[in-house]
Amino acid sequence: MPLVTTTEMFKKAYAGGYAIGAFNVNNMEIVQGITEAAKEVNAPLILQVSKGARAYANHTYLVKLVEAAVIECPGIPIALHLDHGPDFETCKSCIDGGFTSVMIDASSKPFEENIAITKKVVEYAHDHGVVVEAELGTLAGIEDDVQVSAEDSSYTRPEEVQEFVEKTGCDSLAIAIGTSHGAYKFKPGTKPQLRFDVLEEVEKRLPNFPIVLHGSSSVPQDFVEMINANGGSMPGAIGVPEDQLRKAASMAVCKINIDSDLRLAMTGTVRQFFAQHPDKFDPREYLKPARAAIKDMVKHKLINVLGCDGKA
Ligand code: G3H
Ligand code: 13P
Ligand code: ZN
């Protein structure tokens, strides 16, 4: 099947109490690891591309890699999504260039400005059969070239979501309930806890509307330890507990964004490979176990965290 939008995926995910995994892709091995996992467990997928990924790998290469995955996985619905679109022009370029879904992230702008920018993207996207994710509330952490400190982050205000969705016409909404971007989400010694009360309030005000969680890597400690044991230094890297993501997926959350966990799997495996084989220099030899680690990790997420296995 050709690339799809997220409309059907979200409808089924909402009704079924599970979420779709949205994984960031930057190169061939990452695309292969993710899609081989989804194919094996028969899960729908969102492959997403950030502004940084486009700058690194080039729009055309990424689209063609994803199109190759679509050919290799004919039975699986795959959407190609722009992650954190910073402005109308970037969204337009992706809509014109083969994406089926875009995010316009104007969450750092004042409420009325966020509405105006999002509405403009929605009008263009819908005219071209593309769906739009928007964001209300601010996550902490680093996304592309924007760094938000924990003090400057803010939870989504449930009393704003209805007006925002009505005025913009967006198809899904990313909210801030305590997740954050990157590998350092919570302070060591504190108890990671998402604000399910905020999610419940949003759900009440937007019945049947798909909610998105960014910053949802769990930062698996086996990979952190693998990195630290092989020349890396990532003290205090902590992610979102998987049981909390599972709970969110059973509620209104239909899309869960995961990027850092892919990076940790790849980096840990490559570091370990070089430590064990200091004489090797063939990229195929060290990228093969990295791709396999991504595949195993994604499979685990699809089955045990998102609950979307068998839903393709
Ligand atoms: O939320 C941001 C994603 O993890 C993408 O990261 O901008 O480094 O590609 P990136
Ligand atoms: P993580 O940094 O938690 O993987 O979040 C990724 C993300 O939100 C991409 O938009
Ligand atoms: Zn994000």
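Key figures
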| item | result |
| --- | --- |
| Qualifying residues in segment 115-142 (those that are surrounded by fewer than 24 Cβ atoms within 10 Å (Cβ to Cβ) and within 16 Å of ligand 3 (Cβ to nearest atom)) - the one nearest to Arg157 (Cα to Cα) | Gly137 |
| Looking only at segment 157-199, and only at residues there that are part of a loop (DSSP other than H, G, I, E, B) and closer than 25 Å to Val130 by Cα, the one that is nearest to ligand 3 (Cβ to nearest atom) | Ala176 |
| When residues of segment 257-302 are limited to those that are within 16 Å of ligand 1 (Cβ to nearest atom) and in contact with a Ser or Thr (Cβ under 7 Å, 6 or more places away or on another chain), the one nearest to His214 (Cα to Cα) | Asn257 |
| In segment 127-154, residue farthest from Ile46 (Cα to Cα) [restricted to those that are modelled with pLDDT under 95 and touching a helix residue (DSSP H, G or I) at 6+ places or on another chain (Cβ under 6 Å)] | Ala140 |
| Filter result for Val130 (of a type in the set (A, V, I, L, M), in contact with a Phe, Trp or Tyr (Cβ under 8 Å, 6 or more places away or on another chain), more than 27 Å from Val198 (Cβ to Cβ) and away from ligand 1 (no atom under 14 Å from the Cβ)) | yes |
| Residue count for segment 85-107, restricted to those that are in a loop (DSSP other than H, G, I, E, B), among the small types (Gly, Ala, Ser) and without any contact (Cβ under 8 Å) to a residue 40 or more places away in the chain | 2 |
| Candidate set: segment 176-219, residues that are among the charged types (D, E, K, R) and modelled with pLDDT of 95 or more; chosen: the one farthest from ligand 1 (Cβ to nearest atom) | Lys204 |
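The values are calculated or read from the model by the stated rules, or taken from the named source; none is laboratory data. Predicted model only: the values in this text are computed from it and were never measured. Cβ atoms come from the backbone with ideal geometry, glycine included; neighbour counts cover every protein chain shown.
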